[in-house]
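Student: Let me begin by handing over the structure; questions about it come next.
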Amino acid sequence: MPSDHPAIRTQRLTKQYGDVTAVDELDLRVESGEIFGFLGPNGAGKSTTINLLLDFVAPDSGEATMLGLDVADDREQLHHRIGVVPEDYGLYDRLSGRRHVELAIELKDAADDPDELLDRVGLDSEDRERAAGEYSTGMGQRLALAVALVGSPELLVLDEPTSGLDPNGARELRQIIRAENERGATVFFSSHILEQVEAVADRIGIMNAGELVAVDTIEGLRRELDAGARVELDVEEPAVAQRDALEDLAAADPITNVACEDGTVRATCLESTAKLTMIDEVRRATTVTDVRIDESSLEEMFASYTDGADGASAVDPATNGSTSTSATPSTNGSTSTNATPSTNGSSQTSDTETVAAEVDR
């Protein structure tokens, strides 16, 4: 779905909780049609940013738009054009999984087949008829994703979507993300599981202490940190390689740290194509007997940008506390504040309007 507007744009977006600045003058731009991974240690401000984008909380200053619409003023339009899996989603214990999806279809006036959506997320015919209060965490996550897919949204906003999923579920989620993107949807998702982000994201943004400290492709971040793939080539004639290949390699822009010692030519390749260039250059000079390539991981780059923070003692104010309370857009464009019920039967409502509004979220 090409658009003249970025899918997401924030300008100097700021949110404070007391003395804590959860989001500090955030300038973020997510282009239409891309898969954008949003990373950061615990307490970095990821969930607060998403809550601001969804108008669950109001900013202290700054602006935010999605699909060219103001997230507060145009929230009714937005919630019919986006799909959301919030971190603290609420399911209703007495409603079946299928009924959750049916309500979302009714609210969006969509033409989806609920069974087709539930098939996509892996809830079988028996599970979808069970009450959601009986669901495991992973099953609840699958259902929340099915609800988010209703109406073929232009933008998917997924906060920790792999939470509670087993490896098969995580793989299926990646397939759904790719399929939705190929359909034309923009996907914006946060995660602390770095390999999930690396597997699907076109670009990533890294938050730390409320600030956006890096935005680029993974390859671009490797280049910026001089942390590309480390390539080692064992050769039969190191002296020949030293004489005939190393000078040309050292002059190549995306290849750095070129050296030859102990029968091995070593270099750092900052771009994918540079690995083949290096191997070809050395093979022209001498026989290569072995090749070893060590890609710098997203985890290593993440640590570089966040000073190795793991956030163990940090708390994002948006996710603190045992009961989730969020501003939920209702069907008339107003904003109501609802305590999100858990799925263990401890909270329940029979009010159809409240249920419908929460499912729409």
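The values are calculated or read from the model by the stated rules, or taken from the named source; none is laboratory data. Bear in mind the structure is a predicted one, so any value in this text is a computation, not a measurement. Neighbour counts are summed over all protein chains in view; Cβ atoms, including those assigned to glycine, are modelled from backbone coordinates with ideal geometry. Surface accessibility is based on the protein's heavy atoms, side chains included, excluding ligands, DNA and RNA. Shrake-Rupley method; radii C 1.70, N 1.55, O 1.52, S 1.80 Å.
Student: Can you tell me the dipole magnitude for region 1-54 around its Cα centre, using point charges on the Cβ only (Lys, Arg +1; Asp, Glu -1), in Debye to the nearest 20?
Tutor: Computed about the Cα centre, the dipole is about 120 debye.
Student: Taking the convex hull of the alpha carbon atoms in region 169-287, what volume per residue do you get, in Å³?
Tutor: Dividing the Cα hull volume of region 169-287 by its residues yields 151 Å³.
Student: Expressed as a whole number of Å, what is the distance separating the alpha-carbon centroids of region 1-58 and region 125-202?
Tutor: With region 125-202 and region 1-58 each reduced to a Cα centre, they are spaced 20 Å.
Student: Report the full-extension gain for the segment THR273 to ALA250: residue separation times 0.36 nm, less the Cα-Cα distance, to one decimal in nm.
Tutor: Roughly 6.8 nm would be gained on extension.
Student: Which value, in Å², gives the accessible area per residue of region 93-236 when a 1.4 Å probe is used on the protein heavy atoms?
Tutor: The answer is 40 Å² per residue.
Student: Same structure again: With all protein chains present, how much of the accessible area of region 81-228 (probe radius 1.4 Å) comes from carbon and sulfur, to the nearest whole percent?
Tutor: 41 percent
Student: Shifting gears a bit: Taking R0 as 25 Å, what FRET efficiency do you get between ILE193 and GLU134 from their Cβ-Cβ distance, rounded to the nearest 0.05?
Tutor: The formula returns an efficiency of 0.40 here.
Student: Please name whichever of VAL150, LEU103, GLY164 sits farthest to the positive end of the charge dipole of region 82-222, dipole taken about the Cα centre and charges placed at Cβ: Lys and Arg +1, Asp and Glu -1.
Tutor: Farthest towards the positive pole: GLY164.
Student: What are the radius of gyration and Dmax of region 54-181, computed over its Cα atoms and given in Å?
Tutor: When restricted to the Cα atoms of region 54-181, Rg and Dmax are 14.9, 48 Å.
Student: Among 162-171, 197-206, how do they line up from the highest to the lowest mean number of other beta-carbon atoms within 10 Å?
Tutor: 197-206, 162-171
Student: Can you give me the orientation-averaged projected area of the convex hull built on the Cα atoms of region 191-232, in nm²?
Tutor: Computed as one quarter of the Cα hull surface, the answer is 3.7 nm².
Student: What full-extension length gain, to one decimal in nm, is calculated for ILE293 and ASP4 as 0.36 nm per residue of separation minus the Cα-Cα distance?
Tutor: 100.0 nm
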